[in-house]
1. Identify all residues within region 356-392 that are closer than 23 Å to residue 310 by Cα and either modelled with pLDDT of 85 or more or touching a Lys or Arg at 6+ places or on another chain (Cβ under 6 Å) (or both); write none if there are none.
2. Is there a residue in region 154-163 that is in a loop (DSSP other than H, G, I, E, B), at pLDDT below 95 and on the phi > 0 side of the Ramachandran plot?
3. Looking at region 274-285, I want the residues that are of a type in the set (Lys, Arg) and have a partner that is surrounded by fewer than 23 Cβ atoms within 10 Å (Cβ to Cβ) and in a loop (DSSP other than H, G, I, E, B) with Cβ atoms under 8 Å, at least 6 apart or on another chain. Which pairs are those?
4. Considering only region 109-122, I want to know if a residue exists there that is within 28 Å of residue 353 (Cα to Cα), surrounded by fewer than 24 Cβ atoms within 10 Å (Cβ to Cβ) and over 14 Å from the mean Cα position of the chain (by Cα).
5. Quick one: which of 396, 377 is buried (at least 18 other Cβ atoms within 10 Å of the Cβ), hydrophobic (A, V, I, L, M, F, W, C) and under 23 Å from residue 160 (Cα atoms)?
6. Which residue out of 187, 224, 166, 181 is without any contact (Cβ under 8 Å) to a residue 24 or more places away in the chain and either outside any loop (DSSP other than H, G, I, E, B) or not charged (D, E, K, R) (or both)?
7. Among the residues of region 41-81, write down those that are of a type in the set (Ser, Thr, Tyr) and either modelled with pLDDT under 95 or closer than 27 Å to residue 282 by Cα (or both).
8. I want to confirm something. Restricting to region 263-300 and keeping residues that are small (Gly, Ala, Ser) and not in a loop (DSSP other than H, G, I, E, B), which single residue is surrounded by the fewest Cβ atoms within 10 Å (Cβ to Cβ)?
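The values are calculated or read from the model by the stated rules, or taken from the named source; none is laboratory data. Please read all numbers here as calculations on a predicted model, not as lab measurements. With ideal geometry, Cβ positions are generated from the backbone for all residues, glycine too; neighbour counts draw on all protein chains shown.
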Amino acid sequence: MKIRGKAFAVGCAAAVLLTSLSFTGASASMSPKKAFPTKPVTLTMWWWGDQEAPGAKLWVDDTVKAYKKKHPNVTIKTVLQTTEGLVPAFAAAAAAKKGPDLQYFWGGIYAQQPGWDGQIAPVSDYIPASELKHYINASTELSYQGKTWTAPWYVNPSFPVLARTDVLSKYNLTVPTTWKDLLNVCDVLSAQGVPALAGGVKDGWFGGWLYSIIGAQSVSSSKDVVAAVTGSQKFTDAKHADWWTRLQETQEHKCWNSDIGSLELYQAQQLWKDGKAAMTVVAGPDAPNFANAVGASKVVVMAMPKWGSGPFAGKMGSTSQTIGITKWSKNKEVAADFLMFSHEKAQLNNWFKRTGSMPADDRFDLASVKDPVKKALFQSALPGGPYLENFIPAQLDTDAVFTNVQLVLNGTKTGKAAAADMQALMERLRKTDRNLVKNFTAWSK
């Protein structure tokens, strides 16, 4: 497998064990004045992730078992959520103020909003700064006014494009590195009835991916995105709007499978596996699995072909999926202790063993990664670009990005109109949510 561009962004240092505090019977997250409880404790953890990092369920089972061995009085019940059910299930739990003690969150705004809404407790109240500093993306995506809301679990490089050289070479094509190259590939393959790109937007989520990997090419930093949210910039400004025109070009050049609107992303990716499409976009943790499924020698892992001139053009972003502690949990210290336990050397190594993806901790020993492809992916994950979807309100994501990507790709809306709609919705959100500007402004500082 070859790699084009900077795939993902993680710098790794030598793995070290967690430092324990010096009181008898307690773990690092507990206050020195508060011993680890000896009475029975039950925690419930709702989580997601096996869908994009296959093997995660095995890791969860292993880690819960290992923690039980260390603390026999603690029972942890785990519930694997569906992609569609993850957010609404927690929303219902938060409304009732009961449910899990530990909850999985995607990064950025999906971890910030529950904190702003008083649904989770900052993990930094229970995990020392000396520990949190090792958690990848904790300080960039997950912190607010000196507090860190959730604990990064694993890194999700966002998002690699996988190109099949066997499909491209069949039509005398090479892997595109520029936007002009990409559109040319689309023209040649569409004339043969072959999708250049396999995708599915039926469930909406892929729209956020496209916004992030195409739109990041024209911004200077995540602060630009936050500025458009708060009103000092506009989503109709060129740096925020031009990506919609690029998206429209992919529709006009027939880059996608014709049924992109009726397929979910994971269904569409099968076209690529079957050799019926030249390229697809996948979650970072799953990229090696996709490549190995068809033969790594046939696959080039790359960033979205370059069209912009910003600092992140031709690079990939990086985000960390996370676990938070709910506000209503009666055992927050124990929950935090389990999170810290999950970042110990044995658990970091086992995460890589079980999933082949990167744990969100800079103490993971990169020397243990023998596969040169994976090592290159991991090494490139820290200096990557921002994952834009994580820096806009969730409602703007679903109602403007998801919806307008669907409309642009089915040819019923122009890129210019989509940008205008995104701006109009953002203006309405600023009027209806009185705390939005305050929270986003504070988050960006």
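1. Hits for region 356-392 are 380, 384, 385, 387, 388, 389, 390, 391, 392.
2. Initial filter on region 154-163 (in a loop (DSSP other than H, G, I, E, B)): 159-160.
Now drop any that are not at pLDDT below 95, which leaves 159-160.
If we keep only those that are on the phi > 0 side of the Ramachandran plot as well, we get none.
No, because not a single residue in region 154-163 is in a loop (DSSP other than H, G, I, E, B), at pLDDT below 95 and on the phi > 0 side of the Ramachandran plot.
3. Listed pairs, sorted by first residue: 276/194.
4. Scanning region 109-122, I find no residue that is within 28 Å of residue 353 (Cα to Cα), surrounded by fewer than 24 Cβ atoms within 10 Å (Cβ to Cβ) and over 14 Å from the mean Cα position of the chain (by Cα), so the answer is no.
5. Details: 396 fails: under 23 Å from residue 160 (Cα atoms).
Residue meeting the stated conditions: 377.
6. 224
7. Correct list: 63, 78.
8. Going residue by residue through region 263-300, those that are small (Gly, Ala, Ser) are 268, 275, 277-278, 283-284, 287, 291, 293, 295-297.
Subsequent filtering for residues that are not in a loop (DSSP other than H, G, I, E, B) retains 268, 284, 287, 291, 293, 296-297.
Working: 268: 25, 284: 30, 287: 26, 291: 21, 293: 12, 296: 15, 297: 10.
Among them, the one singled out is 297.
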